[in-house]
Amino acid sequence: MSQSKSASILDSRILIPAVGGAFTKLNPRTLAKNPVMFVVAVVSVLTTILFLRDLASGNGNLGFSFQINLWLWFTVLFANFAEAVAEGRGKAQADSLRKTRTETQAKLLTGNDRTAYKMVPGTSLKVNDVVIVEAGDIIPSDGEVIEGVASVNEAAITGESAPVIRESGGDRSAVTGGTQVLSDWIRVRITAAAGSTFIDRMIALVEGAERQKTPNEIALNILLAGMTLIFVLATATIPSFASYAGGSIPIIVLVALFVTLIPTTIGALLSAIGIAGMDRLVRFNVLAMSGRAVEAAGDVDTLLLDKTGTITLGNRQATEFKPVRGVTAQELADAAQLASLADETPEGRSVVVLAKEKYAIRARDMASLQATFIPFTAQTRMSGVDIDGSQIRKGAVDAVLAYVGSGPLQVSGNTAIAVSPENETVRELRGIAEEIAKAGGTPLAVARDGKLLGVIQLKDIVKGGIRERFAELRRMGIRTVMITGDNPMTAAAIAAEAGVDDFLAQATPEMKLALIREEQAKGKLVAMCGDGTNDAPALAQSDVGVAMNTGTVAAREAGNMVDLDSDPTKLIEIVEIGKQLLMTRGALTTFSIANDIAKYFAIIPAMFLAFYPQLGVLNIMGLATPQSAILSAIIFNALIIIALIPLSLKGVKYRAIGAGALLSRNLLVYGLGGIIVPFIGIKAIDMVITAIGLA
Amino acid sequence: MTLNGWLQILVFCGVLIMLVKPLGAYITRVFSGERTLLSPVLVPVERGLYALAGTSEREEQHWTSYAFSLLMFNLLGTLVLYGLLRFQDMLPMNPAGMAAVGPELSFNTATSFVANTNWQSYGGESTMSYLSQMMGLAVQNFVSAATGMAIAIGLIRAFSRASGKALGNFWVDMTRAVLYVLLPICVVLTLVYVWLGVPQTFGPYVEATTLEGAKQTIALGPVASQLAIKMLGTNGGGFFNANSAHPFENPDNISNMIQMLSIFAIGAAFTNVFGRMVGNQRQGWAILSAMFILFIAGVAVVYWAEAAGNPIMHQLGLAGGNMEGKEVRFGVVMSSLFAVITTAASCGAVNAMHGSFTALGGLIPIINMQLGEVIVGGVGAGFYGIVMFIIVAVFVAGLMVGRTPEYLGKKIEAKEMKMALLAVLCLPLAMLVFAAIATVLPSAVASIGTAGPHGFSEILYAYTSAAANNGSAFGGLTGNTPWYNVTLGIAMLMGRFLVIIPALAIAGSLVAKKTVPASAGTFPTDGGLFVGLLVGTILIVGGLTFMPALALGPVVEHLVMIAGQTF
């Protein structure tokens, strides 16, 4: 994993271009996408015109209205700046991606022979063209390996320098344009035309160029637009109420009240929050194909997780030696270790490790022992070693029993051969094996010279800390379902050990799909990850489908996220990032609306003081003058945008403490805080601008 | 304030809360089509009516046809009532020989009663014939209340149905509301009121000779029956001009207590109906708790302000609370409580003159109405009103638990948001915009009774009351002018139908959504946290809009009063 790409929020490489971006985003067409800020820009233009008119005629309080105008424009610019900073972080990443998209030459095959090719520019390739890529070549475009096997450096997209294997058939057949073949050769069928390759999509995504408003963002924008309209009514009716009371209110003051009341804080930061959410995923090396998928991740109710690699370590490991009566564990361990010395499978190595750790049996050199290794075959289903005239075998229980002459299948003609005299031992061994199977393990029987010694217990090792993760998910309200090809008994044992809520044993792709449909019919949102082509339908059906980058093209197309690290446990982080995104939006909206109370207390007494001096008692903050009060409110309103940019980029931290506790915590911080903070902030600004004589 | 006063308030709350469950259970059974005590008598009547109307309870409607039926029914009701008023001089049952009602006043009155507002620009005993009162106004008192219940039931079904398309049948819901809920309770209440001394007669007005030898006409009529539905249906239109301050319309403290209870009874019970239908009564109690927090706070302020009285009077040696405009038989407590109840629910009946309250005592009724009368609220209307605020509240806060917003398993998305905001927006639109025009229109300003901020409050109160479908008035203002009759009529229609249509649209959208099962990650909406959140949302989203207007009206009036000046 390479999560070290994170740029600091205060990185000047991002901040300086963002200042320029804040101005280019003043383009009305860009502004129009954000209703609240568009309204602010429109009234800013209006008041600027009024200011220029007054400047020409020399009327009015020019110093005051100049400052209000200035801060109105700052409000718009700060909002643009926030968005530009958020985009800037993605841009930095896009630039490094773009470097990999350099012009490549492709070897387009012209015949069946792999030497018959012509050189063409990579951009001229069409879908279904077949190219040959040899050691040292850059893969010209996305494709599928149809022949050959090669090691490929995919650092360009994953940041991981260790090469990966790509081969035809199976689940590791997808190759990405821009990555480099290090050894051997592969024949690749192109699956993406120039401009629509994976890297192109990545660049567009991290740059935010393809960013579309997500459903929740649209709904929130409606709320903000509605609130803006409500405050249009509240402020536009004031002049006639005031004229009834025999007073008049300058337009600049009404505008100041209006702009401070409408939800500018969240309006300014909304798109930055969305971009930052995508960006957080990118930092996790996960690419979301749409913002909708990120939102859906926050809503996930059911998580389908593959057992192998996600819940358990990839391979079974020896955890115990269980001898039959009359044999010591030491003897069994010794025999098992000898039988496994030359066994290069992970299971074999784990036997050696266990023997060493538990019984201090050191590794011995096969050659010096003059031992012959008997490899595993599908026929014998055993492996072992012949040493000093003695034969040691380990393997599936049935196979070993057959080997020692006690198996059930020793049938010749019509007569079953009498069960061996070791009847008692056989029964005992079978008992041990059954127990192991029941506990979710796999038994391997060991025999020396036709004599049964005992059983090695192989077990799936549940990943450290995974149980706690599942408990955390449960507190989030998410149900976890383990998917495994194991039989139900083994599956149940592992499920219990790992602490998942449910499991699907002997799962087929069809069963997986059916399970997703069933959950969805109950109104639940389902997330899963997968890599194989047979996972594609389930990935497409699920609400959040994370395809592994190592997976097939079909799987990548079907999912709505791609995990570049191919680490299935990341689903949990993806869910958290989705929740964080939604929480940040809610927190800043609440904060923004709660701010209005203090702003009223600042502006209303100031606005009406001329004709109702009694309203001065509402000036509970004790602001110096009506002008300083109005100015302080609008300055606070602009500065709070800048102050909250880091929060909107980092996001509000998600805690799995249950919805009720989480909500009361956030309501306290952002609701109550949103009421109190502006009282303090406006008072402080008032003191400063009064001290330096701005108002 | 006295302990005795608070005890009376406590008794009211206690009895009301005891009514919630049984009434809620009964209403739930009625609208679910289950058997009730009255079924043996009423089922044949109900079947007959459906046969006559050519509908059946099995014919369920999509929200658009539900809304269309409702609008057509109300349009027809408006036209019939308008006709009755315009031609009442030629129609029977007019012993007092009342003249035909003018066109603007007829428009105002017809929309007023259809919209469950009962703003009265007329004096009942000096304008309306018995036929107009009973066939016109009383009929609308029943059906406008039933309309409110039908909408609320439609909206409740949207939450309680796991997924579907239809909201129910408007005609069936309407019929059941009148037949099973309003009529039987009104029959009982009428008898009780008669027993307490309220007149119920078709005889002519009585001529009396006073002790001084002067002639006095004593207005009578079928008062008790009108009174029963006026309160129970949160209509509020008085038989007499003095409304429930009139001794014939509210003889004593017992009738007063019964009237207050009947204003709140159905509205409060609807929260329980909701809880029952969605399968968790706590959901209903949570909503009622939010309503009650706002209610008790309002009562406390009004009672405190009225009991404290006017410092200027105190300086003149007149100690005690503010008794101006109050009936001695009710006193400060029962007048304050009544004022809060009638404005919290969209009733609008009064037993004291709100315009004579102290500035702060008058502020609370205005705020109650500006919040959209969601504090218990009108029959059915209070419930669908508060659902609009719930949608806004769960949308903003729901995000803070890290899920897209949902309420009772139904996702709140762009469409619901749009409709809820439309409903929330139409109130300030009608209240503030009309008030803003009226305050600069010399002919409209001429109608006010008092100068200064109090006069402003009179105008603000009128449009607030109309748009909120309340119907009470802030004395002083002469409302029976073409300008006010027409604009108030429009405000009433906006406040009624621009909330009803979005509410039904939301119901239509939600009923089609699959219910997402609740989990540990779902924001619980049946606890104290939700109650607090809802109260905060109502105050901030509903209230902030009106801060400038309130500052220029009651708030400044209060501050000026402390400084020693009244209007």
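Quick notes on this structure:
- When B:V41, B:V45 are checked against the criterion of being in contact (Cβ under 8 Å) with a residue 60 or more places away in the chain, assigned to a helix (DSSP H, G or I), over 21 Å from the mean Cα position of the chain (by Cα) and exposed (fewer than 15 other Cβ atoms within 10 Å of the Cβ), B:V45 stands alone in meeting it.
- Taking the numbered list (1) more than 7 Å from chain A (Cβ to nearest Cβ); (2) modelled with pLDDT of 90 or more; (3) over 21 Å from B:V379 (Cα atoms) in turn, B:A503 passes all entries but (3).
- Residues in segment B:425-476 that are within 14 Å of another protein chain (Cβ to nearest Cβ) and not in a helix (DSSP H, G or I): B:L441, B:A446, B:S447, B:I448, B:T450, B:A451.
- Residue within segment A:261-278 that is under 30 Å from A:L513 (Cα atoms), open to solvent by 10 Å² or more (accessible area, probe 1.4 Å), in contact with a Lys or Arg (Cβ under 8 Å, 6 or more places away or on another chain) and more than 14 Å from every other protein chain (Cβ to nearest Cβ) present: yes
- Test: residue in segment A:614-627 that is touching a Gly at 6+ places or on another chain (Cβ under 9 Å), assigned to a loop (DSSP other than H, G, I, E, B) and β-branched (V, I, T): no
- Looking across segment B:193-216, the residues that are within 19 Å of B:M134 (Cα to Cα) and open to solvent by 30 Å² or more (accessible area, probe 1.4 Å) come down to B:V194, B:Q200, B:T201, B:F202, B:P204, B:Y205.
- Looking across segment A:532-554 at every residue that is at pLDDT below 80 and farther than 20 Å from A:V282 by Cβ, the one that is most open to solvent (accessible area, probe 1.4 Å) is identified as A:N534.
- From the list A:V286, A:V300, A:V282, the lone residue that is closer than 27 Å to A:V85 by Cα and surrounded by 24 or more Cβ atoms within 10 Å (Cβ to Cβ) is A:V286.
- Boolean, B:V299 is closer than 16 Å to B:I153 by Cα and in a helix (DSSP H, G or I): no
- Filter pass, A:V232 being closer than 30 Å to B:T464 by Cα, modelled with pLDDT of 90 or more and more than 10 Å from chain B (Cβ to nearest Cβ): no
- Complete set of residues in segment B:128-156 that are under 23 Å from the mean Cα position of the chain (by Cα), more than 22 Å from B:M72 (Cβ to Cβ) and in a helix (DSSP H, G or I): B:S132, B:Q133, B:M134, B:I156
- Here B:V30 passes the criteria (1) touching a Lys or Arg at 6+ places or on another chain (Cβ under 9 Å); (2) within 18 Å of B:A150 (Cβ to Cβ); (3) open to solvent by 20 Å² or more (accessible area, probe 1.4 Å); (4) in a helix (DSSP H, G or I) except the one numbered (3).
- Test: residue in segment B:157-169 that is open to solvent by less than 10 Å² (accessible area, probe 1.4 Å) and within 23 Å of the chain's Cα centre (by Cα): no
- Note on segment B:406-421: residues that are assigned to a helix (DSSP H, G or I) and buried (at least 21 other Cβ atoms within 10 Å of the Cβ) amount to 5.
- Screening A:A495, A:A491, A:A433, A:A505 for residues that are free of Cβ contacts under 8 Å to residues at least 40 places away in the same chain and either out of contact with any helix residue (DSSP H, G or I) (no Cβ under 9 Å at 6 or more places or on another chain) or within 14 Å of chain B (Cβ to nearest Cβ) (or both) leaves exactly one candidate, A:A495.
- Within segment A:440-455, tally of residues that are among the small types (G, A, S), surrounded by fewer than 18 Cβ atoms within 10 Å (Cβ to Cβ) and on the phi < 0 side of the Ramachandran plot: 0
Matching residues to (1) within 18 Å of B:A145 (Cβ to Cβ); (2) modelled with pLDDT of 90 or more:
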position	(1), (2)
B:W171	yes, yes
B:Q200	no, yes
B:T210	no, no
B:A219	no, no
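- Condition met for A:T179 (hydroxyl-bearing (S, T, Y) and within 14 Å of chain B (Cβ to nearest Cβ)): no
- Filter result (at pLDDT 85 or above, within 14 Å of chain B (Cβ to nearest Cβ) and surrounded by fewer than 20 Cβ atoms within 10 Å (Cβ to Cβ)) within segment A:456-478: A:A471, A:R474
- Qualifying residue in segment B:370-385 (condition: in contact (Cβ under 8 Å) with a residue 60 or more places away in the chain and within 12 Å of another protein chain (Cβ to nearest Cβ)): yes
Matching residues to (1) polar (S, T, N, Q); (2) at pLDDT 85 or above; (3) under 31 Å from the mean Cα position of the chain (by Cα):
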site	(1), (2), (3)
A:Y117	no, yes, no
A:R172	no, no, yes
A:V181	no, yes, yes
A:A192	no, no, yes
A:K213	no, no, yes
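- Filtered by the rule that a residue be more than 16 Å from A:P263 (Cβ to Cβ) and either more than 10 Å from chain B (Cβ to nearest Cβ) or free of Cβ contacts under 8 Å to residues at least 40 places away in the same chain (or both), segment A:578-603 gives a lone residue, A:A602.
- Whichever residue in segment A:647-674 is open to solvent by 50 Å² or more (accessible area, probe 1.4 Å) and touching a residue at least 40 places away in the same chain (Cβ under 8 Å) and, among such residues, is farthest from the other protein chains (Cβ to nearest Cβ): A:K650
- Residue among A:A336, A:A342 that is small (G, A, S) and surrounded by fewer than 21 Cβ atoms within 10 Å (Cβ to Cβ): A:A342
- Residue within segment A:592-609 that is assigned to a loop (DSSP other than H, G, I, E, B), open to solvent by 10 Å² or more (accessible area, probe 1.4 Å) and at pLDDT 85 or above present: yes
- For segment B:321-362, a residue qualifies if it is part of a helix (DSSP H, G or I), open to solvent by less than 10 Å² (accessible area, probe 1.4 Å) and hydroxyl-bearing (S, T, Y), and the qualifying residues are B:S335, B:S336, B:T342, B:T343.
- Condition check for A:L332: more than 30 Å from A:G530 (Cα to Cα), modelled with pLDDT of 80 or more and touching a Pro at 6+ places or on another chain (Cβ under 9 Å): yes
The values are calculated or read from the model by the stated rules, or taken from the named source; none is laboratory data. Just so it is clear, the model here is predicted, and its values are computed rather than measured. Please note: Cβ atoms are built from the backbone with ideal geometry, for glycine as well, and neighbour counts cover all protein chains shown. Just the protein is used for accessible areas: all its heavy atoms, side chains included, with ligands, DNA and RNA removed. Shrake-Rupley method; radii C 1.70, N 1.55, O 1.52, S 1.80 Å.
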